[in-house]
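Asks: Please find one structure pasted underneath; my questions will follow.
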Amino acid sequence: FEFPHVVQELIETRLPKKLLKNIDFATLQIQKTTFINKQFRAKETDLLYSVQCQNETLYIYLLVEMQTTVDHDILLRLMGYLHCFFDLFRKQQPDQPLPLIFPLVIYAGETPWNAPLNFFALFGENEKLARHILTGDVNFID
């Protein structure tokens, strides 16, 4: 995944077509920042790519899962990594809107993946309520 043409082929099969038509793959480059916690370094590889999409930078976050077992908490960790990225971005460019990140998890285990692929599914029976609460405006009292 350190070769841009390999990543381009992967992206072309996963990104929404509406977004793909606006990407300039000649600008695809790997970023040198990592967001994986030290305790997970032996199990996973993370790569962050940037590419120009119209006049904005789109980030592609590849999390290569090297475990042989399904990890039911991977979405929580992924959310943590995304938070780290956004936090770093905000510190470096405080006046800019947050960039889009397209997370992509690649699992190389021997058994079929059976953990949730949607963050809100982690809430079980409260999935709809969690989706409503966490994607709407924050309740704010001024």
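Asks: In nm, to one decimal, how far is the residue 139 label point from the residue 31 one, both placed 7 Å along Cα→Cβ?
Replies: Taking the two extended label points, one gets 3.4 nm.
Asks: Given points 7 Å out from each Cα along the Cα-Cβ axis, report the residue 24 to residue 122 separation in nanometres with one decimal.
Replies: 3.6 nm
Asks: Moving to a separate point now. Per residue of segment 57-62, what does 6.51 cos²θ - 1.76 cosθ + 1.60 with θ = phi - 60° give for ³J(HN,Hα)? Whole Hz please, x for Gly and Pro, Karplus curve as stated.
Replies: 8, 10, 9, 10, 9, 9
Asks: Also, quick follow-up: For the chain, what does the accessible surface come to per residue with a 1.4 Å probe? Please give it in Å².
Replies: Per-residue value: 70 Å².
Asks: Spin-label point model (7 Å from Cα, Cβ direction): what's the residue 113 to residue 130 distance in nm?
Replies: 1.7 nm
Asks: Please report the antiparallel percentage of the DSSP beta bridges confined to the chain, to the nearest 5.
Replies: Expressed as a percentage, antiparallel bridges in the chain total about 65.
Asks: For segment 68-122, which whole-number percentage of the solvent-accessible area (1.4 Å probe, protein heavy atoms only) is attributable to carbon and sulfur atoms?
Replies: It is 60 percent, rounded to a whole number.
Asks: Still on this structure: Mind ranking 137, 87 by accessible surface for me, highest first, 1.4 Å probe?
Replies: The most accessible residue leads, giving 137, 87.
Asks: Let me ask something else about it. With semi-axes √(5λ) of the Cα gyration tensor in Å in mind, check (i) 31, 19, 12; (ii) 40, 20, 13; (iii) 24, 23, 16 and report the label derived from this structure.
Replies: Given (i) 31, 19, 12; (ii) 40, 20, 13; (iii) 24, 23, 16, the calculated one carries the label (iii).
Asks: Oh, and also: Which order do 132, 5 take by accessible area at a 1.4 Å probe, largest first?
Replies: From most accessible down to least: 132, 5.
The values are calculated or read from the model by the stated rules, or taken from the named source; none is laboratory data. All values derive from a computational prediction rather than experimental measurement. Every residue, glycine among them, receives a Cβ derived from its backbone with ideal geometry; neighbour counts consider all protein chains shown. Each accessible area value is taken on the protein alone, full model and side chains, heavy atoms only, with ligands, DNA and RNA left out. Shrake-Rupley method; radii C 1.70, N 1.55, O 1.52, S 1.80 Å.
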